[in-house]
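The structure under discussion appears below in the form of structure tokens.
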Amino acid sequence: ATTLALAAALALAGAAHAEGAHTRHVHAAIQGGEAQMVGNPAPTQVMNLDIVLPVRDREGLKALARAVSDPDSPQFHHYLTPAQFTERFGPTQADYDAVQRYMEDRGLKVTGGSRDGMDVQVRGSVDKVEHAFHVTMRNYRHPSENRVFFSPDREPTTDLAVKLWHVSGMDNFSIPH
């Protein structure tokens with residue numbers, strides 16, 4: 001468990017840094033015009049999304065990651081449990097609950113995720129996703145593969161007071177091999 005906590009701390013320290021760079025959801029091939037729009041997915045097509053919440057106290061997390069790795073630090077190799085990590089750096093319970101409620105209120109079904117994992121997984125139709133994230137989903141001709149992919153027409157936003165870090169599943173430009 002301690003190794004897992006350190007790995008999570010170090011990974012999330014990197015994720016916290018990436019948050020400052022703003023996570024992008026619209027692929028460069030769309031923005032640059034290399035991918036041509038060829039229509040829209042069916043409004044009833046089902047999408048599975050993983051909504052990732054940001055790290056709280058990014059500077060504190062960076063300091064912790066340095067301290068647990070520094071042999072001269074009194075915190076050297078004193079790792080946090082997953083519960084301790086969540087309490088210090090994860091979303092508050094209120095923020096996590098707000099994200100779940102927001103998605104459910106817009107017709108998306110919460111299918112998984114956890115506060116410890118800092119994510120909420122949802123499933124729902126394209127029209128519900130479009131409504132929840134203020135986007136229009138489009139189909140595009142892939143610029144280097146013989147296939148069509150879907151993607152939002154702009155960066156997703158919500159009416160939540162809670163800031164989101166990333167929404168996985170908004171496009172299928174890259175397919176795992």
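The values are calculated or read from the model by the stated rules, or taken from the named source; none is laboratory data. What you are looking at is a predicted structure, and each value in this text was computed from that prediction instead of being measured. In this analysis, Cβ positions are derived from the backbone assuming ideal geometry, glycine residues included, and neighbour counts consider all displayed protein chains. Only protein heavy atoms, including side chains, enter the accessible area calculation; ligands, DNA and RNA are left aside. Shrake-Rupley method; radii C 1.70, N 1.55, O 1.52, S 1.80 Å.
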Counting only residues that are open to solvent by 70 Å² or more (accessible area, probe 1.4 Å) and at pLDDT 95 or above, region 108-126 contains a total of 3
For Glu155: the one exception among (1) at pLDDT 95 or above; (2) closer than 19 Å to Leu53 by Cα: (1)
Please go through region 119-157 and give me each residue that is in contact with a Pro (Cβ under 6 Å, 6 or more places away or on another chain) and either without any contact (Cβ under 8 Å) to a residue 24 or more places away in the chain or more than 21 Å from Ile175 (Cβ to Cβ) (or both), ordered by number. Asp127, Phe133
Given (1) open to solvent by less than 70 Å² (accessible area, probe 1.4 Å); (2) touching a residue at least 60 places away in the same chain (Cβ under 8 Å); (3) assigned to a helix (DSSP H, G or I); (4) of a type outside the set (Ser, Thr, Tyr), index of the condition Ala67 fails: (2)
Out of (1) free of Cβ contacts under 8 Å to residues at least 60 places away in the same chain; (2) under 18 Å from His27 (Cβ atoms); (3) open to solvent by less than 60 Å² (accessible area, probe 1.4 Å); (4) not hydrophobic (A, V, I, L, M, F, W, C), the odd one out for Ser174 is which? (3)
Selected residue [within 15 Å of Met118 (Cα to Cα) and either part of a loop (DSSP other than H, G, I, E, B) or within 20 Å of the chain's Cα centre (by Cα) (or both)] from Asp72, Asp50: Asp50
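So how many residues does region 70-92 have that are within 15 Å of Val120 (Cα to Cα) and surrounded by fewer than 19 Cβ atoms within 10 Å (Cβ to Cβ)?
1
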Among residues belonging to region 26-36 that are without any contact (Cβ under 8 Å) to a residue 60 or more places away in the chain and small (Gly, Ala, Ser), point out the one that is least open to solvent (accessible area, probe 1.4 Å). Gly33
Determine if region 37-51 includes at least one residue that is at pLDDT 90 or above, crowded, with 16+ Cβ neighbours inside 10 Å, among the charged types (D, E, K, R) and under 27 Å from Gln121 (Cβ atoms). yes
Which of the strands (runs of 3 or more DSSP E) found entirely inside region 76-177 contain at least 2 residues meeting this: under 30 Å from Gln36 (Cα atoms)? 119-125, 137-141, 148-152, 166-168
Would you point out the residue of region 53-64, among those that are among the basic types (Lys, Arg) and open to solvent by 70 Å² or more (accessible area, probe 1.4 Å), that is farthest from the chain's Cα centre (by Cα)? Arg58
